[in-house]
Amino acid sequence: MESLGRTRMNLLLLKRQIQVAERGLELLRSKRESLVREFFAVMDRVVESRGQMEASMEHAFSSLALALGMEGRAPLRSAGYAAQRSLPIELAERNVWGVRFPDLQYPPVARALGARGYAIWGVSTHIDEVARRFETVLELILRSITVELRLKRLGTEIKKVTRRINALNEVIIPSLTRQMKEIRQTLEEREREDLFRMKRFKSSK
């Protein structure tokens, strides 16, 4: 009877483990659905960001070519040296569904006309236009880095969650279910044996 009690206890433990595994599976599926939705939303932003970057770079190089033709190299080089600066960039993190996403933080890249380090009256509007265009390009590049890092992290996390779902769905839960089935069969066999012994005992009486 003690062995039978242990077997019934094992059956109860397995039932609880299966319930926990099934709840975990449900949560993981919900998480994957949310991550996939976010992945496609970010994918749209990546496509849009790359289009904006390409258009902005095209405008920037066109303005640079015009300024070179109108002003020559020396004024552009001089203005470039004067406009040099360091741009502090920090890497922060955001947490969504337990997933940490990298997020670049930086001050505004575009500067006012008089904040580029050279005298306003000392350069032409062509040079100002080149500076403005390339600051826009840099801003778009930094924004694009954040978005593409997010997309990459989402893809990695979706793969990880999918592996966990497959492990639960194809290995862990079926294994626990098989063990339960084996224990039930064992209990049923013992019950039949006990019933047979009781009948034989009664007939011998």
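The table that follows gives values for the structure above.
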read-out	value
Given (1) open to solvent by less than 70 Å² (accessible area, probe 1.4 Å); (2) touching a Lys or Arg at 6+ places or on another chain (Cβ under 7 Å); (3) within 27 Å of residue 33 (Cα to Cα); (4) of a type outside the set (A, V, I, L, M, F, W, C), number of the condition residue 63 does not satisfy	(3)
Tally, over region 95-115, of residues that are open to solvent by 60 Å² or more (accessible area, probe 1.4 Å), part of a strand (DSSP E or B) and modelled with pLDDT under 80	1
So residue 21, is it open to solvent by less than 70 Å² (accessible area, probe 1.4 Å), farther than 30 Å from residue 134 by Cβ and either at pLDDT 90 or above or under 15 Å from the mean Cα position of the chain (by Cα) (or both)	yes
Options 90, 38, 48, 26: the member that is under 27 Å from residue 164 (Cα atoms) and surrounded by fewer than 13 Cβ atoms within 10 Å (Cβ to Cβ)	26
Some residue of region 127-150 being part of a loop (DSSP other than H, G, I, E, B), out of contact with any Ser or Thr (no Cβ under 7 Å at 6 or more places or on another chain), touching a residue at least 24 places away in the same chain (Cβ under 8 Å) and open to solvent by less than 40 Å² (accessible area, probe 1.4 Å)	no
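The values are calculated or read from the model by the stated rules, or taken from the named source; none is laboratory data. All values derive from a computational prediction rather than experimental measurement. Positions of Cβ are generated from backbone atoms using ideal geometry, with glycine treated the same way; all protein chains shown enter the neighbour counts. Side chains included, ligands, DNA and RNA excluded: accessible areas come from the protein's heavy atoms. Shrake-Rupley method; radii C 1.70, N 1.55, O 1.52, S 1.80 Å.
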